[in-house]
Amino acid sequence: MTSPSPEGAVPGSEDEAGNGIDQTARGVGDANVDHAVPLDDSRLRALGLTGDQSERRPDPQDPMAATDEGVWSDPLLVADTPMWLSHHPPLYYDRCARVAGLHVCRRCLVLYPLALVAGVVVTVGNWWNSSWDPWVLWLFPLPGVVEFVLDNLGVVEYRPRRQVALSALGAVAAGVGYTRYLRDFTDPLVWSVVAVYTAACLSAAVVGGVRRQRSYLESVTDRSSTIGGDR
């Protein structure tokens, strides 16, 4: 036996009203999903991850969420490899190669082993002419130095294959330089090359780092003001 409907109530109107509310809520939810900001997962892919594989994955509707302390956090800024191996923060792990699950600097992974091989090769026998040393030491690293400077200043985009090729070229010069250094720790040619190219690379790294930090802080400030305005 069914309970009598309240006086004046239309049978079924309560269920229909409830269904209407549910449909409205679902419609609002769908609208929010449709208008959500797409998640840029390019850096996740660079880490070999997808959004659902990261325990601290970003919310698709709020890629950068503020913590309780008000500090902006990015789930990709969590290092999984010591800096002495990666030489790069997590944001730039695309410049690393994966070795045994660790991110190892791709440039150094090519440079140092090949430099060791080159150093051994030029010292075996008497085929190497020392008059070639200045040309090799100054010219072979030059393309890699130019690429390093332009990359850090944001003039060119990073290309792994280009970096590997230029690092291999510089490794030959490094091998020759090592042999000269072992014969004379104060070799003026070796130290002049090291001083000039180190100064160029270090200057570009500092300037580029300051620019990236400033750009990042500006983007965080803009995002903070936008989210604050929406609220």
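The values are calculated or read from the model by the stated rules, or taken from the named source; none is laboratory data. This one's a predicted model, so the numbers in the text were calculated from it and none came from an experiment. No Cβ is skipped: glycine too gets one built from the backbone with ideal geometry, and neighbour counts run over all protein chains shown.
Points to keep in mind about this one:
- Residues in the range 124-174 that are out of contact with any Gly (no Cβ under 8 Å at 6 or more places or on another chain) and of a type in the set (S, T, Y) were compared, and the one that is surrounded by the fewest Cβ atoms within 10 Å (Cβ to Cβ) is S131.
- The listed residue being part of a helix (DSSP H, G or I), more than 24 Å from A199 (Cα to Cα) and at pLDDT 95 or above, out of V164, V149, V117, V172: V117
- A residue that is within 30 Å of A118 (Cβ to Cβ), in contact (Cβ under 8 Å) with a residue 40 or more places away in the chain and part of a helix (DSSP H, G or I) cannot be found anywhere in the range 216-224.
- Residues that are over 20 Å from the mean Cα position of the chain (by Cα) and of a type in the set (D, E, K, R) within the range 124-181 comprise D133, R180, listed in sequence order.
- Any hit, the range 219-228, residues being farther than 23 Å from V110 by Cα and at pLDDT 95 or above: no
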